[in-house]
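The values are calculated or read from the model by the stated rules, or taken from the named source; none is laboratory data. This one's a predicted model, so the numbers in the text were calculated from it and none came from an experiment. Here the Cβ is made from the backbone with ideal geometry for all residues, glycine too, and neighbour counts use every protein chain on show.
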Ligand code: 1DF
Ligand code: MN
């Protein structure tokens, strides 16, 4: 429906700006992160590197992020207004509750979801929530997904990278995928630092974080899920990945060629024949956001490779709160229909928004 009021709300721009990978964390959880990162027994070097830094550093960047994460009120809204962001799709920051033991993770997910739900109820025109879950206990994770979608009105599920060193292509996690498909709710596969078995060469070069490790690990994780046959089993399931598709669109030609060649030569007896080439799943089961990549060549390339109906805007607040990036995206020299899909209508459809 095109109503006049909605047109006015864009100040003549012609589209609302909906940011789709925005983060929050209860202040108490951030303190729990700090405690865990400092425990000698903490067996997750990526977590130590990430939260040992942000939760303790006096740097302006860390302070801004810590304040921004915990605030779901006036400060966040003022920052959105200053950047011209009409609406945020908000998720519990990485690694969510996936770093804890199962009972702790399960109860912290419920607590975080309740806090986010209160904020969404207070500002339904500005915020939409994603459900945090503890895949450590798949059965309770499914229950929390159902509660999040049906009772709290959340519109997606957030998965932050590996769960205690395990990737979610493991069949024990497939009940989550079955539930997401049944609920018709997309899963945002958000980065975390690489797990212990992968992180060492990243860490020793200072490249484990958002600079590179996040993207490498998340691209790998998405590919593992595709190659395990998850979308053949759940063909309606939709994932969302950020950071211009974690480089997968750029790799797509080679992925299709080499995956087929590897299968054909029977190199790995366990490797599954898929119903389609990898590119099919990118074009039918995966949405991409430009979180952290306010860069026309990358955005346009994603639109060209997987379709303008599958590429959405994200700011990655508070990690990349850069006002000039919104301007850069506004000024992209792409067809105005594609820009409206990018900033507004794709997100409205994917997250079932009624703004
Ligand atoms: C960072 C970046 C941290 C992103 C994040 O969550 C995050 C960072 C802990 O810069 O350390 O979500 N990001 O998505 O780019
Ligand atoms: Mn992010």
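Going by what's in this entry, would residue 180 be described as away from ligand 2 (no atom under 16 Å from the Cβ) and over 18 Å from the mean Cα position of the chain (by Cα)? Outline the logic, then answer.
Working: away from ligand 2 (no atom under 16 Å from the Cβ): yes; over 18 Å from the mean Cα position of the chain (by Cα): no.
Considered against the rule, which asks whether it is away from ligand 2 (no atom under 16 Å from the Cβ) and over 18 Å from the mean Cα position of the chain (by Cα), residue 180 comes out as no.
Please specify each residue of the range 87-107 satisfying the condition of being more than 16 Å from ligand 1 (Cβ to nearest atom) and within 19 Å of the chain's Cα centre (by Cα). Even if it seems obvious, please write down each step before you answer.
First, the residues of the range 87-107 that are more than 16 Å from ligand 1 (Cβ to nearest atom): 87, 101-107.
Within the range 87-107, 87, 105 meet the criteria.
Which of the residues that make up the range 289-308 are in contact with a strand residue (DSSP E or B) (Cβ under 7 Å, 6 or more places away or on another chain) and more than 16 Å from ligand 2 (Cβ to nearest atom)?
299, 302, 303, 306
If you go through the range 312-321 one residue at a time, do you hit one that is surrounded by 18 or more Cβ atoms within 10 Å (Cβ to Cβ), over 24 Å from residue 153 (Cα atoms) and within 16 Å of ligand 2 (Cβ to nearest atom)?
Applying the first criterion (surrounded by 18 or more Cβ atoms within 10 Å (Cβ to Cβ)) to the range 312-321 yields 312-319, 321.
With the extra rule that they be over 24 Å from residue 153 (Cα atoms), the set shrinks to 319, 321.
In the following step, the residues that additionally are within 16 Å of ligand 2 (Cβ to nearest atom) were identified as 319, 321.
So far as the range 312-321 goes, yes, one or more of its residues are surrounded by 18 or more Cβ atoms within 10 Å (Cβ to Cβ), over 24 Å from residue 153 (Cα atoms) and within 16 Å of ligand 2 (Cβ to nearest atom).
Can you tell me which residue in the range 73-99 is farthest from ligand 2 (Cβ to nearest atom), limited to those that are over 24 Å from residue 289 (Cα atoms) and in contact (Cβ under 8 Å) with a residue 40 or more places away in the chain?
Among residues in the range 73-99 that are over 24 Å from residue 289 (Cα atoms) and in contact (Cβ under 8 Å) with a residue 40 or more places away in the chain, the one farthest from ligand 2 (Cβ to nearest atom) is 73.
Please give the helices (runs of 4 or more DSSP H) falling wholly within the range 183-254 in which 1 or more residues are more than 15 Å from ligand 2 (Cβ to nearest atom).
Values: elements: 196-203, 213-227, 230-233, 243-246.
Because the criterion is at least 1 residues that are more than 15 Å from ligand 2 (Cβ to nearest atom), the helices (runs of 4 or more DSSP H) in the range 183-254 that meet it are 196-203, 213-227, 230-233.
Quick one: in the range 210-225, which of the residues that are closer than 17 Å to residue 49 by Cα and surrounded by fewer than 24 Cβ atoms within 10 Å (Cβ to Cβ) is farthest from ligand 1 (Cβ to nearest atom)?
Within the range 210-225, the match that is farthest from ligand 1 (Cβ to nearest atom) is 216.
Residue 171 versus (1) surrounded by fewer than 21 Cβ atoms within 10 Å (Cβ to Cβ); (2) within 26 Å of residue 34 (Cβ to Cβ): which is the lone unmet condition?
All conditions pass for residue 171, except number (2).
Just checking, which of 252, 207, 203, 248 is surrounded by fewer than 21 Cβ atoms within 10 Å (Cβ to Cβ) and farther than 22 Å from residue 164 by Cα?
Of the residues listed, the single one that is surrounded by fewer than 21 Cβ atoms within 10 Å (Cβ to Cβ) and farther than 22 Å from residue 164 by Cα is 252.
Listed here are the residues, each with its yes/no results for (1) in a helix (DSSP H, G or I); (2) without any contact (Cβ under 8 Å) to a residue 12 or more places away in the chain; (3) touching a helix residue (DSSP H, G or I) at 6+ places or on another chain (Cβ under 8 Å); (4) more than 30 Å from residue 53 (Cα to Cα).
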residue: 299; (1), (2), (3), (4): yes, no, yes, yes
residue: 305; (1), (2), (3), (4): yes, no, yes, yes
residue: 309; (1), (2), (3), (4): yes, no, yes, yes
residue: 315; (1), (2), (3), (4): no, no, yes, no
residue: 320; (1), (2), (3), (4): no, no, no, no
residue: 334; (1), (2), (3), (4): no, no, yes, yes
residue: 343; (1), (2), (3), (4): yes, no, yes, yes
residue: 346; (1), (2), (3), (4): yes, no, yes, yes
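Working only within the range 57-75, note down all residues that are surrounded by 13 or more Cβ atoms within 10 Å (Cβ to Cβ), closer than 20 Å to residue 210 by Cβ and out of contact with any strand residue (DSSP E or B) (no Cβ under 6 Å at 6 or more places or on another chain).
Within the range 57-75, 57, 62, 64, 65, 66, 67, 68, 70 qualify.
From 90, 115, 85, which residue is within 30 Å of residue 352 (Cα to Cα), modelled with pLDDT of 95 or more and in a loop (DSSP other than H, G, I, E, B)?
Testing whether each residue is within 30 Å of residue 352 (Cα to Cα), modelled with pLDDT of 95 or more and in a loop (DSSP other than H, G, I, E, B) leaves just 85.
Within the range 274-286, can one find any residue that is within 30 Å of residue 68 (Cα to Cα), at pLDDT 95 or above and within 16 Å of ligand 2 (Cβ to nearest atom)?
no
Select from the range 322-331 the residues that are more than 16 Å from ligand 2 (Cβ to nearest atom) and surrounded by 18 or more Cβ atoms within 10 Å (Cβ to Cβ) and list them in ascending order.
Those that are more than 16 Å from ligand 2 (Cβ to nearest atom) and surrounded by 18 or more Cβ atoms within 10 Å (Cβ to Cβ): 326, 329.
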